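Reviewing the structure listed below.
The values are calculated or read from the model by the stated rules, or taken from the named source; none is laboratory data. None of these values were measured; they are calculated from a predicted model. Quick reminder, even Gly has a Cβ in these numbers, built from the backbone with ideal geometry, and neighbours come from all protein chains shown.
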Amino acid sequence: MPRWQLRYAIACLAITGWSLAYALAAWGQWPRLIYDPLMRDWRIASQPGSPLPIDYWGLVAWGAGGAAIGAAIAWIAASVWRRPLPRLAQTMLGLWALTAFVYAGAYFMWNLQAFAG
């Protein structure tokens, strides 16, 4: 497999893994790192527990884990598949990455208070 295809596959699967893990952690209310600015306290929980929770860093940690897993899957698959990727596979990897990114963004956009009503 050419090096550019390996990098492309790793980037696409890392974007897909990041987007899925970031959105699923919020949607599934997985335990994550939460900062409470009123109490000036950090904790790991699945529910906010206060009116002003900041769970951004916890979601970023889940996203980074998903990106690492996606990149590892691409690396392992590339070591098994030693031929150049067909054009269809390259297109599908890119489309999966774009679709996951758009769906994750749409999920968070929909949950903004202006849209939630």
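Looking only at segment 58-117, how many residues end up being under 13 Å from the mean Cα position of the chain (by Cα), aliphatic (A, V, I, L, M) and surrounded by fewer than 15 Cβ atoms within 10 Å (Cβ to Cβ)?
Taking segment 58-117 and keeping what is under 13 Å from the mean Cα position of the chain (by Cα), we get 58-71, 96-105, 107-108.
Those still in the list that are aliphatic (A, V, I, L, M) too: 59-61, 64, 67-69, 71, 97-98, 100, 102, 104.
So of that shortlist, the ones also surrounded by fewer than 15 Cβ atoms within 10 Å (Cβ to Cβ) come out as 68, 98, 102.
So the count comes out to 3.
Scanning segment 99-117 for residues being in contact (Cβ under 8 Å) with a residue 24 or more places away in the chain and of a type in the set (A, V, I, L, M, F, W, C) gives a total of 4.
When the residues of segment 32-42 are filtered to those that are closer than 15 Å to Leu59 by Cβ and without any contact (Cβ under 8 Å) to a residue 24 or more places away in the chain, which remaining residue is surrounded by the most Cβ atoms within 10 Å (Cβ to Cβ)? Restricting to residues being closer than 15 Å to Leu59 by Cβ and without any contact (Cβ under 8 Å) to a residue 24 or more places away in the chain, the top hit is Tyr35. Out of the residues in segment 50-63 meeting the condition of being of a type in the set (Gly, Ala, Ser) and part of a helix (DSSP H, G or I), tell me which one is farthest from Gly17 (Cα to Cα). Checked segment 50-63; the qualifying residue farthest from Gly17 (Cα to Cα) is Gly58.
Take the conditions (1) touching a strand residue (DSSP E or B) at 6+ places or on another chain (Cβ under 9 Å); (2) at pLDDT below 90; Arg40 misses just one of them, which is (1).
Within segment 17-31, residues that are without any contact (Cβ under 8 Å) to a residue 12 or more places away in the chain and within 10 Å of Gly58 (Cβ to Cβ) have Cβ atoms under 8 Å from residues that are of a type in the set (A, V, I, L, M, F, W, C) and in a helix (DSSP H, G or I) in no pair, counting only partners at least 6 apart in sequence or on another chain.
Checking the stated criteria, Gln47 turns out not to satisfy the condition of being in contact with a Ser or Thr (Cβ under 7 Å, 6 or more places away or on another chain) and either assigned to a strand (DSSP E or B) or surrounded by fewer than 18 Cβ atoms within 10 Å (Cβ to Cβ) (or both).
Within segment 75-92, the set of residues being under 15 Å from Arg3 (Cβ atoms) and either free of Cβ contacts under 8 Å to residues at least 24 places away in the same chain or in contact with a His (Cβ under 7 Å, 6 or more places away or on another chain) (or both) comprises Ser79 only. The condition of being within 14 Å of the chain's Cα centre (by Cα), of a type in the set (A, V, I, L, M) and not in a loop (DSSP other than H, G, I, E, B) holds for Ala26.
Within segment 64-117, the residues that satisfy the criterion of being closer than 20 Å to Ala25 by Cα and part of a loop (DSSP other than H, G, I, E, B) are Asn111, Leu112.
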